[in-house]
Amino acid sequence: MNQDELFKKVISHAKEYGFVFPSSEIYDGLSAVYDYGQNGVELKKNIRDYWWKSMVQMHENIVGLDAAIFMHPKTWDASGHTSAFNDPLIDNKDSKKRYRADVLVEDYAEKLRLKAAKEIEKAAKRFGETFDAKLYAETNPRVKNYLDEAEESVQRLARSLNAEDLDDVKALIEEKGIVCPLSGSKNWTEVRQFNLMFSTQMGSTAEGASKLYLRPETAQGIFVNFLNVQKTGRMKIPFGIAQTGKAFRNEIVARQFIFRMREFEQMEMQFFVRPGEELKWYEYWKEKRLAWHKSLGIDESYYRFHDHEKLAHYANAASDIEFNFPFGFKELEGIHSRTDFDLKAHEEHSGKKLQFFDPDLGESYIPYVVETSIGLDRMFLALFSSSYREEILEDGSERIVLKLPMPLAPVKAAILPLVKKDGLPEISREILSELQLEYSVQYDEKDAIGKRYRRHDAIGTPFCITVDFQTKEDGTVTLRNRDTMQQERIKREDLASELAKHLNMSNLLKK
Ligand code: ATP
């Protein structure tokens, strides 16, 4: 199955099994807005819980916050969003399609890198064991040319965006002969900046109403509450404030399912540190966050760091954790060293001091900030797409299985009476009421047992517990493992402890 096919299957599977629906579908949907169904909402909640536990519960010096989506409009002047939260857009005159100019250049560079990688792979096969890939990339003229060209393009893009030279961005697109993927033409408009914030009105009368923005990131709610939390929580630097919640961006191009939405959820943590120590903490959080991803058991090759060429106006270092989505490596999480930019700007705009008195140094300062920011919906897509498998079984039949990390699965176990009579449903329901105190479990008596197994494989249920005639005799049930499909007979009273070994989030938190 190629990656395009995989992506299509992932989208239709997500819909068919109640994970993700297009928003207001009966009205033909709303572009780049999605709803989470009965299984999606559980998976999303479990990802959020795992993040929250690892960040807040597992750190003595990190606390949570839930700030409102609406904020005083001056917030966005201070943060720079009113003037600088823009994306450069460009239209193709033939297809009438709109693109992000920076993404066109980045995709062009990525294609060149892929070409180079293919050449290197071919050469590795030719030369065998003695092959030195690094040396080959530096000396083979064709490969070197691809890589230099890719590097030069992203460097120039970064330079022109930093200098706000949009004419040069257009010139770059033209010089590189980048074409519209749809029409194949080079007939481009000028590049323009487009502000991504949604605005609305607060107040009942037109005259008295004031313009508000829907927050484009959750971070600012943390900054404006920095002193409230620090004082009331008696927090000492270094410390962090974590928050999850909705953010809104009027994205120019939104064509990749829940990867780029106009309404999405972020999980952010701002870590406040002594000035001068931010780069040490930046490295610390880069490693810590990658370890969090790895704890979920997805193959390491799905992840890579991408250090930024073009730094945002607030940052002195920034890196993305990229994930190999079905459409290639793309940003999943950002780790940013935001300096004292935000707190300083809020001090200036509000006239209120936002400083910390450091008892060890005997002085006050505006803390520096290292942020970790991950999109919950992107994390959902990363897990969902990398867990989707189509397997051919020994008897030649096929199953679709979602090999989600077990503690995050939407339904943890299904309790299945072999038949709908002879007291088996009653025993099954007893087991259900015992287990549902701890886990999200389901009772399912419809269809043949094999069909019920398939249904639960398809939503990633780690265990199926089957109640049969032997259960009545000796109080044992069969426990079927989603991944191995092995079944073992175990005593009813051992179920809870056996499930706990696989399903409890503490198994992940210990890693
Ligand atoms: P991109 O370059 O993909 O637009 P970004 O650099 O603007 O992302 P950040 O501002 O760093 O993203 O936001 C932090 C995280 O929020 C991202 O790593 C991503 O996981 C998530 N995120 C950002 N925009 C969206 C969106 N439109 N839909 C879903 N998740 C998003």
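The values are calculated or read from the model by the stated rules, or taken from the named source; none is laboratory data. Keep in mind that what you see is a predicted model, and the values were worked out from it rather than measured. Note: ideal-geometry Cβ built from the backbone for every residue, glycine included; neighbour counts use all protein chains shown.
Taking the stretch 247-298, which residues are touching an Asp or Glu at 6+ places or on another chain (Cβ under 8 Å), within 9 Å of the ligand (Cβ to nearest atom) and closer than 17 Å to residue 223 by Cβ?
The answer is 247, 266, 268.
If residue 373 meets every condition in (1) hydroxyl-bearing (Ser, Thr, Tyr); (2) under 22 Å from residue 405 (Cβ atoms); (3) more than 9 Å from the ligand (Cβ to nearest atom) apart from one, which number is that one?
That leaves (3) as the condition not met.
Among 74, 44, 96, 9, which is the only one that is free of Cβ contacts under 8 Å to residues at least 12 places away in the same chain and either over 19 Å from the mean Cα position of the chain (by Cα) or surrounded by 15 or more Cβ atoms within 10 Å (Cβ to Cβ) (or both)?
96
Considering only residues that are modelled with pLDDT of 95 or more and more than 13 Å from the ligand (Cβ to nearest atom), which ones fall in the stretch 208-226? I'd like the intermediate steps shown before the answer.
Our first condition is that a residue be modelled with pLDDT of 95 or more; within the stretch 208-226, this holds for 213-226.
Result: 213, 221, 222, 223, 224, 225, 226.
Take the stretch 380-393 and flag every residue that is farther than 15 Å from residue 326 by Cβ and outside any strand (DSSP E or B).
Listed by number, the list holds a single entry, 393.
Take the residues in the stretch 234-246 that are of a type in the set (A, V, I, L, M, F, W, C) and in contact with a helix residue (DSSP H, G or I) (Cβ under 6 Å, 6 or more places away or on another chain), then tell me which one is farthest from the ligand (Cβ to nearest atom). Write out each step before concluding.
Kept after step one, since they are of a type in the set (A, V, I, L, M, F, W, C), are these residues of the stretch 234-246: 235, 237, 239, 241-242.
From what's left, in contact with a helix residue (DSSP H, G or I) (Cβ under 6 Å, 6 or more places away or on another chain): 241-242.
Details: 241: 16, 242: 14 Å.
Of everything passing the filter in the stretch 234-246, 241 is farthest from the ligand (Cβ to nearest atom).
Can you say whether residue 337 is in contact with a Pro (Cβ under 6 Å, 6 or more places away or on another chain), within 30 Å of residue 300 (Cα to Cα) and more than 9 Å from the ligand (Cβ to nearest atom), as far as the supplied structure shows? Step through it out loud before you land on a result.
Details: in contact with a Pro (Cβ under 6 Å, 6 or more places away or on another chain): no; within 30 Å of residue 300 (Cα to Cα): yes; more than 9 Å from the ligand (Cβ to nearest atom): yes.
Spelling it out, it is not the case that residue 337 is in contact with a Pro (Cβ under 6 Å, 6 or more places away or on another chain), within 30 Å of residue 300 (Cα to Cα) and more than 9 Å from the ligand (Cβ to nearest atom).
Of the numbered conditions (1) surrounded by 22 or more Cβ atoms within 10 Å (Cβ to Cβ); (2) within 30 Å of residue 433 (Cβ to Cβ), residue 407 satisfies every one except a single condition; which is it?
(1)
For the stretch 53-71, which residues satisfy the criterion of being assigned to a helix (DSSP H, G or I) and surrounded by 17 or more Cβ atoms within 10 Å (Cβ to Cβ)?
Answer for the stretch 53-71, where residues must be assigned to a helix (DSSP H, G or I) and surrounded by 17 or more Cβ atoms within 10 Å (Cβ to Cβ): 54, 55, 56.
Return a yes/no flag: does the stretch 183-193 have any residue that is outside the structural domain of residue 74 (by TED's automatic domain parsing), among the β-branched types (Val, Ile, Thr) and in contact with a strand residue (DSSP E or B) (Cβ under 7 Å, 6 or more places away or on another chain).
Yes, the conditions are met somewhere in the stretch 183-193.
Looking at the stretch 317-334, which of the residues that are under 17 Å from residue 380 (Cβ atoms) and aliphatic (A, V, I, L, M) is nearest to the ligand (Cβ to nearest atom)?
Ranking the qualifying residues of the stretch 317-334, first place goes to 332.
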